[in-house]
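*Asks:* Before we start, here is the structure in question, set down as structure tokens.
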2 protein chains.
Amino acid sequence: MARRTQGTSAGLDRGKIARAAVALVDRDGLDRFGVRRLAQELEVDPMSIYHHIKGKAALLDAMSEAVLVEMMADAGDPPAGWAETARWIARHYRELAYRHPEVFPLLVTRAQTAPVALTALDRLIGAMRTAGLPDRVVADAPMTLFGFLNGYLLAVLNGQPGTAPSVDPAAYPGLASVAPLQHDYGTAAEFDRLVDTVLAGLDARAATGTGDPLT
Amino acid sequence: MARRTQGTSAGLDRGKIARAAVALVDRDGLDRFGVRRLAQELEVDPMSIYHHIKGKAALLDAMSEAVLVEMMADAGDPPAGWAETARWIARHYRELAYRHPEVFPLLVTRAQTAPVALTALDRLIGAMRTAGLPDRVVADAPMTLFGFLNGYLLAVLNGQPGTAPSVDPAAYPGLASVAPLQHDYGTAAEFDRLVDTVLAGLDARAATGTGDPLT
DNA sequence: CTCCCGAAATCTACGCCGTAGGTTTCCGGC
DNA sequence: GCCGGAAACCTACGGCGTAGATTTCGGGAG
């Protein structure tokens, strides 16, 4: 803990703080995280952080923006076709979640207004519009897809890796009977299958022409 | 703050504590919530709560169980047909979320092993099996549906009620162009439409016979 | 070259929080 | 009438977020 004397620069800035915070949460978990621990990690006084970031809430916002930026940096360009674009987004988003499982809940809980998030949505909408899908389906697609992605990934990350929770077969015969089919709980194969299910739902509504639901 | 003398009974039990905690969070918000504030509300010493509930994490578990129990108490019996059952679950779950918006994040974040939650899933699975849907689709349905429900409701509840977040039209033309169609952001109509989209996806997979995705 | 000012970082302090450990009081069963 | 265990309380500790005042330094104006 070598503190410098007051006034000397520690080279802090918003991005550097956010990246250090992400690394700390990845290592120690979200509930152990705090401004003081982060300051200790940066070898800095806790209050120094407040000169770059307004409060803890803003710090958490900066962290979620940082992981989104990291994701888009590695991503390259999306493929052609609206369904392929959606799958491409979904896969990269899943990879982000597995790379920073402790940070991911922040993305879900906080409203996403970072440019990098809006850009991804804009690409999806653009691909769907050029494919000629009904406007109503296009407008609903982001909420439908990211609703699922957020809820699903949150659930899978919270459980211990690789195993679905087990239940009493006598009390819940239906649940128990399908349990063997959940052997791939949390795998990429399951993820792709469920994403395709959601996309199939959008496709089915597009096929009605008006974009209204079937029933 | 009329404390009783040591030893006298305050009539505490797990359910009563959980219901008081839910009421407190509904009123003051989740981040203002704490064991000490809850104790003050119950006119009780903070440590008394620990004789009934092991720690703060267990307290949060008890709260999410309490709201689920409340939901099922008002629910009645599910209708016939798997899609109707799914919609019935979805609507009651949404009502729960809007009745306890500050508590809802707890449901999403924590693994659901309460009997009342498992019962609802078991009913859905039973309805799908008797409808003759492929096992694979049946097995995937809970994760698909609740993934969407959790993610969607979390997003809608976090935004301010009634309005979708607005963006710069020049920077994100696609997003801006569909913005007018999101006038019903957060309404029951939008919710029903998106739930039907997800159900349509499950139905589409069932129609292939094997339950495999289309593409 | 000197002075000064604003930005960066630090120091101090306050009121919360979760909870471990020990103590007091009451009540039902013998 | 006594006693053991359950229920509640009291004290204390370490940690938290952050408001407000203070110190220090780099760099531009004269």
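*Asks:* Using the structure shown, decide if residue A:155 is touching a Pro at 6+ places or on another chain (Cβ under 8 Å) and either facing chain B (nearest Cβ under 9 Å) or β-branched (Val, Ile, Thr) (or both). If you could, list the steps in order and put the result at the bottom.
*Replies:* Working: touching a Pro at 6+ places or on another chain (Cβ under 8 Å): no; either facing chain B (nearest Cβ under 9 Å) or β-branched (Val, Ile, Thr) (or both): yes.
For residue A:155, the condition - touching a Pro at 6+ places or on another chain (Cβ under 8 Å) and either facing chain B (nearest Cβ under 9 Å) or β-branched (Val, Ile, Thr) (or both) - is not met.
*Asks:* Can you tell me which residue in region B:101-127 is most open to solvent (accessible area, probe 1.4 Å), limited to those that are at the interface with another protein chain (Cβ under 8 Å from one of its Cβ atoms) and closer than 17 Å to residue B:31 by Cβ?
*Replies:* B:109
*Asks:* Now for a separate question. For region B:138-152, give me each residue that is within 8 Å of chain A (Cβ to nearest Cβ) and either of a type in the set (Val, Ile, Thr) or open to solvent by less than 10 Å² (accessible area, probe 1.4 Å) (or both).
*Replies:* B:138, B:139, B:140, B:144, B:147, B:148, B:149, B:151, B:152
*Asks:* Then there is this: Restricting the search to region A:9-26, which residues are in contact (Cβ under 8 Å) with a residue 24 or more places away in the chain and within 12 Å of DNA strand D (Cβ to nearest atom)?
*Replies:* A:10, A:21, A:25
*Asks:* Further question: For residues that are over 20 Å from residue A:113 (Cβ atoms) and aromatic (Phe, Trp, Tyr), tally how many sit in region A:139-160.
*Replies:* Matching residues across region A:139-160 total 2.
*Asks:* What's the total number of residues in region B:190-215 that are assigned to a loop (DSSP other than H, G, I, E, B), open to solvent by 20 Å² or more (accessible area, probe 1.4 Å) and either at pLDDT 95 or above or more than 7 Å from every other protein chain (Cβ to nearest Cβ) (or both)? Show your work before the answer.
*Replies:* At the first step, the residues of region B:190-215 found to be assigned to a loop (DSSP other than H, G, I, E, B) are B:208-215.
Checking the rest, the ones that are also open to solvent by 20 Å² or more (accessible area, probe 1.4 Å) come to B:208-210, B:212-215.
Restricting the remaining residues to those that are either at pLDDT 95 or above or more than 7 Å from every other protein chain (Cβ to nearest Cβ) (or both) gives B:208-210, B:212.
The total comes to 4.
*Asks:* Can I ask one more? Within region A:27-64, can you find the residues that are more than 14 Å from chain B (Cβ to nearest Cβ), more than 11 Å from DNA strand D (Cβ to nearest atom), under 20 Å from the mean Cα position of the chain (by Cα) and surrounded by fewer than 16 Cβ atoms within 10 Å (Cβ to Cβ)?
*Replies:* A:27
*Asks:* Name every residue in region B:29-60 that is touching a residue at least 40 places away in the same chain (Cβ under 8 Å), over 19 Å from residue B:110 (Cα atoms) and not β-branched (Val, Ile, Thr), in order of residue number.
*Replies:* Across region B:29-60, the qualifying residues are B:43, B:45, B:52.
*Asks:* Let me spell it out: the conditions are (1) at the interface with chain A (Cβ under 7 Å from one of its Cβ atoms); (2) modelled with pLDDT of 95 or more; (3) open to solvent by 60 Å² or more (accessible area, probe 1.4 Å), and residue B:130 meets all of them except one. Which number is the exception?
*Replies:* Residue B:130 satisfies all of (1) at the interface with chain A (Cβ under 7 Å from one of its Cβ atoms); (2) modelled with pLDDT of 95 or more; (3) open to solvent by 60 Å² or more (accessible area, probe 1.4 Å) except (1).
*Asks:* Right, another one. Among the residues of region A:70-80, which ones are farther than 25 Å from residue A:21 by Cα and exposed (fewer than 14 other Cβ atoms within 10 Å of the Cβ)? If you could, list the steps in order and put the result at the bottom.
*Replies:* The initial filter retains those residues of region A:70-80 that are farther than 25 Å from residue A:21 by Cα, namely A:76-80.
Correct list: A:76, A:77, A:79, A:80.
The values are calculated or read from the model by the stated rules, or taken from the named source; none is laboratory data. Everything quoted here is computed from the prediction, not taken from an experiment. When we count neighbours, we look across all protein chains shown, and the Cβ atoms used for this are built from the backbone with ideal geometry, even at glycine. Please note that ligands, DNA and RNA were not included when accessible areas were found on the heavy atoms of the full protein model with its side chains. Shrake-Rupley method; radii C 1.70, N 1.55, O 1.52, S 1.80 Å.
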